[in-house]
1. Quick one: residue 23 ticks every box in (1) farther than 13 Å from residue 99 by Cβ; (2) of a type in the set (Asp, Glu); (3) surrounded by fewer than 18 Cβ atoms within 10 Å (Cβ to Cβ) bar one, so which box is it?
2. Please go through region 97-110 and pick out each residue that is buried (at least 21 other Cβ atoms within 10 Å of the Cβ) and in contact with a Ser or Thr (Cβ under 8 Å, 6 or more places away or on another chain).
3. Restricted to region 70-80, and to residues that are in a helix (DSSP H, G or I), of a type outside the set (Val, Ile, Thr) and surrounded by fewer than 17 Cβ atoms within 10 Å (Cβ to Cβ), which residue is modelled with the highest pLDDT?
4. Could you tell me whether any residue of region 9-26 is in contact with a Gly (Cβ under 9 Å, 6 or more places away or on another chain), assigned to a loop (DSSP other than H, G, I, E, B) and at pLDDT 95 or above?
5. Look at region 33-68 and say how many of its residues are buried (at least 16 other Cβ atoms within 10 Å of the Cβ) and hydrophobic (A, V, I, L, M, F, W, C).
6. Quick check, is residue 34 of a type in the set (A, V, I, L, M), touching a helix residue (DSSP H, G or I) at 6+ places or on another chain (Cβ under 8 Å) and assigned to a helix (DSSP H, G or I)?
7. Tell me, which residue of region 51-69 that is aliphatic (A, V, I, L, M) and in a loop (DSSP other than H, G, I, E, B) is nearest to residue 39 (Cα to Cα)?
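The values are calculated or read from the model by the stated rules, or taken from the named source; none is laboratory data. It should be emphasised that the depicted structure is a prediction, and the values quoted were computed from it without experimental measurement. For neighbour counting, all protein chains shown are included, and Cβ atoms are generated from backbone atoms with ideal geometry for every residue, glycine included.
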Amino acid sequence: MILAPNFPDDHAMHLLMQLLHEELGLPERKTLSLTTSINFDLGCDGSDARHLMEALEEQFAIDLVDYDAYRYFQPEGFDVFLKRRAKGRGDKAPLTIGMLYQAVKLQRWDTKALEGIS
C-alpha cells in the first residue's frame, strides 16, 4: 500500500489502516490519501460496509447515532422495505478515510462535521 505525502502517522491511523486492511483488503499499488473514499475508490458496499462500520464502532467505541448507511452505501440484497426507507437516497456521498479517521478521533459520527457541511 502506498500512502500519500502528509498522511497522518499516529497510533489511531495505524489502527484504522489495519482495520481497513483486515475488513476490505487495501490495494497494493494504489496511493491512499485522506480523500480516498472507501465506497467509490475501494468498492466497499453491502455486507462489507456493514461489517466494517460494526468493527469500527466496536474497536474504537464510536457513537454512530448520526450515521446513515444509506447515505454512503447500497443496501444488501433486495428488500422491498429497505427500498421504501431508502427512497430519495439514490445519490451516494463519498465516505473517505479522512472521515473515518476524524470519527475515530472524535469517537462519534457527526455527519455535518465529517462532511464539512455548514
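1. Here residue 23 clears every test but (3).
2. At the first step, the residues of region 97-110 found to be buried (at least 21 other Cβ atoms within 10 Å of the Cβ) are 97, 99-100, 103, 109.
The one that is buried (at least 21 other Cβ atoms within 10 Å of the Cβ) and in contact with a Ser or Thr (Cβ under 8 Å, 6 or more places away or on another chain): 97.
3. To start, the set of residues in region 70-80 that are in a helix (DSSP H, G or I) comprises 70-72, 80.
Then keep just the ones that are of a type outside the set (Val, Ile, Thr); that gives 70-72.
Then drop every residue that is not surrounded by fewer than 17 Cβ atoms within 10 Å (Cβ to Cβ), which leaves 70-71.
Numbers: 70: 91, 71: 94.
Here the residue is 71.
4. First, the residues of region 9-26 that are in contact with a Gly (Cβ under 9 Å, 6 or more places away or on another chain): 24.
Retained after the next criterion (residues that are assigned to a loop (DSSP other than H, G, I, E, B)): none.
No, that holds for no residue.
5. Total meeting the criteria: 10.
6. Considered against the rule, which asks whether it is of a type in the set (A, V, I, L, M), touching a helix residue (DSSP H, G or I) at 6+ places or on another chain (Cβ under 8 Å) and assigned to a helix (DSSP H, G or I), residue 34 comes out as no.
7. Taking region 51-69 as the starting set, the residues that turn out to be aliphatic (A, V, I, L, M) are 52-53, 55-56, 61-62, 64-65, 69.
Now drop any that are not in a loop (DSSP other than H, G, I, E, B), which leaves 61-62, 64-65.
Numbers: 61: 22, 62: 19, 64: 18, 65: 20 Å.
Among them, the one singled out is 64.
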